[in-house]
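S.K.: Got a structure for you, questions after.
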Amino acid sequence: MKYLSTRGLAPPQGFTDILLEGLASDGGLAVPEQWPRIMPVKLQAMRDLAYPQLAFELLRFFADDFPGADLKRIVEKTYTAEVFGTPEITPLKTLDSNLHLLQLSNGPTLAFKDVALQLLGNLFENVLERQDRRLTILGATSGDTGSAAEHALKGKARVQVFMLSPKGRMSAFQRAQMFSLQESNIHNIALEGVFDECQDLVKAVNADAAFKAKHAIGAVNSINWARVAAQVVYYFKGYFAATRSNDEQVSFAVPSGNFGNIFAGYVAKQMGLPIRRLVLATNENDVLNEFFTTGRYRPRPTAETHETSSPSMDISKASNFERFIWDIVGGDGDKVRWLWDQVATEGGFDLSREKEWEKVEEDSGFVAGRSTHADRLETIRRVKKEYGVVIDPHTADGVRLAMRYREPRYPMICLETALPAKFEATIVEALGEPAPRPPGFEGLEARPQRFEVLKPDVEGLKRYIEQRA
Ligand SMILES: *Cc1c(COP(=O)(O)O)cnc(C)c1O
């Protein structure tokens, strides 16, 4: 399997090459040259596989340059009941006839990002060892991604992690999840500034090519292809759990931000998984809802990004979206470049004027909608009242739309993207009491914390990295 760039100008690469890379050399994103097709016999053989074996069978298509025995060992080490709470890894909870919750958030940081990042950490470790390389991960986080990355990379011998977060802006729980890590390769930096300043600093350090090369600075951002590939697995797992035969179709409802999670569902559909609808849910930051309802893609400036009660979906542009558009325009890199030129010069593009819009409307399976804070509160209350289950605010965005788009004949699977314990304030607002905490998280905030406070100063940050990387 070769990987191309969505912008069509970078040379094809193998999986191992793109694993540690950010953007392709032409500024595009890595995409497989074609989607693997799972034939009916193979799909049938996958139905009863345990999660690690299913992951192996699916990831093999994408990581075909990876030594098979290594890949097998890595998925078996990654997807265990110890790390993910149950042997199913992503168990399906039935709420109502044909309405299910796919529980993706029982990993170490209680959000679905663990499913991909735990694998990524082990893939990185393997490649760095084989190639005798080291890696410095530099990132900025406002919550979920940073902690999932730290929990995936803690204690890895060849990796140092520097994670910037805006001082005093994360919830006490999120802060404790990161700052209580005692592994010496994890460096938490509480920046005296806001999230944008954290991101600007990361960009500024990366702009210094010599420094970047010297310390082998990389990222674990949401455009990493291996993260998308890892997420494809639970769409299959959820499908098998909700159906009895492969003749059935199901729909998925997905709370979306950077378009990574739901794009994995789209990939699963292209691979032949019988998916009917992909229900895309946004919060008040509705760039993606606008696209799927009008054809206009109009990323917002950061100043127009709302702070909401489903904060991990507070995005102004959807990084993985370019992969979807690439597929819709038939892998035409020239057309992708033309569209993204319009993003740069005119602030967006309107696909409804192009012939490809029909494909989005008729074949892609996508439908979309947006929710507000009041909708989330109401959905959290309703799901508690009707099904006795407490869901988090992000999952609530998805469940609300799932209820709108539900059809009697087809199972609707709502992806649970975080546990409610992570978002205590909103749960208290909705239900009058906090959500129960899973075992092992009691007293998290009282554990000793390791972090350094820095000012938003590039040279200061570089010195800090220099002394420790
Ligand atoms: C990251 C995240 C999302 C958004 O997922 P994307 O892949 O960026 O679309 C939704 N919910 C939670 C809890 C998240 O952490």
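S.K.: Starting from residues that are out of contact with any Pro (no Cβ under 6 Å at 6 or more places or on another chain) and among the acidic types (D, E), keep the ones in segment 71-92 and report whichever is nearest to H151 (Cα to Cα).
M.R.: Once the filter is applied, the top-ranked residue is E82.
S.K.: Restricting to segment 129-145, name every residue that is within 22 Å of F211 (Cα to Cα) and either free of Cβ contacts under 8 Å to residues at least 60 places away in the same chain or in contact with a His (Cβ under 6 Å, 6 or more places away or on another chain) (or both). Give the steps one after another, and end with the answer.
M.R.: Quick first cut of segment 129-145, residues within 22 Å of F211 (Cα to Cα) only: 131-141.
Those that are within 22 Å of F211 (Cα to Cα) and either free of Cβ contacts under 8 Å to residues at least 60 places away in the same chain or in contact with a His (Cβ under 6 Å, 6 or more places away or on another chain) (or both): Q131, D132, T136, T141.
S.K.: Does F259 fit the bill of being among the aromatic types (F, W, Y), open to solvent by less than 10 Å² (accessible area, probe 1.4 Å) and within 20 Å of the chain's Cα centre (by Cα)?
M.R.: Taking the combined requirement at face value, the residue satisfies it.
S.K.: Let me ask something else. Can you pull out the residues in segment 340-352 that are farther than 12 Å from R298 by Cβ and either open to solvent by less than 30 Å² (accessible area, probe 1.4 Å) or modelled with pLDDT of 95 or more (or both)?
M.R.: W340, D341, T345, S352
S.K.: If you check F61 against the conditions, is it out of contact with any Cys (no Cβ under 6 Å at 6 or more places or on another chain), modelled with pLDDT of 95 or more, open to solvent by 30 Å² or more (accessible area, probe 1.4 Å) and among the aromatic types (F, W, Y)?
M.R.: Taking the combined requirement at face value, the residue satisfies it.
S.K.: For segment 170-201, give me the residue count where each residue is farther than 19 Å from P448 by Cα and either open to solvent by 20 Å² or more (accessible area, probe 1.4 Å) or touching a His at 6+ places or on another chain (Cβ under 6 Å) (or both).
M.R.: Qualifying residue count, segment 170-201: 7.
S.K.: Have a look at T243, T302, T294, T308 and point out the one that is modelled with pLDDT of 95 or more and farther than 26 Å from P36 by Cβ. Lay out the reasoning, then the answer.
M.R.: Working: T243 fails: farther than 26 Å from P36 by Cβ; T302 fails: modelled with pLDDT of 95 or more; T308 fails: modelled with pLDDT of 95 or more.
It is T294.
S.K.: Can we say R298 is surrounded by fewer than 19 Cβ atoms within 10 Å (Cβ to Cβ), under 25 Å from E358 (Cα atoms) and either of a type outside the set (S, T, Y) or in contact with a Lys or Arg (Cβ under 8 Å, 6 or more places away or on another chain) (or both)?
M.R.: yes
S.K.: Could you say whether any residue in segment 208-230 is at positive phi, away from the ligand (no atom under 16 Å from the Cβ) and open to solvent by 20 Å² or more (accessible area, probe 1.4 Å)?
M.R.: Looking for residues that are at positive phi, away from the ligand (no atom under 16 Å from the Cβ) and open to solvent by 20 Å² or more (accessible area, probe 1.4 Å), one finds at least one in segment 208-230, hence yes.
The values are calculated or read from the model by the stated rules, or taken from the named source; none is laboratory data. Computed from a prediction, not measured in an experiment: that's the story for all the values here. With ideal geometry, Cβ positions are generated from the backbone for all residues, glycine too; neighbour counts draw on all protein chains shown. Side chains are part of the model used for accessible areas, which takes the heavy atoms of the whole protein and leaves out ligands, DNA and RNA. Shrake-Rupley method; radii C 1.70, N 1.55, O 1.52, S 1.80 Å.
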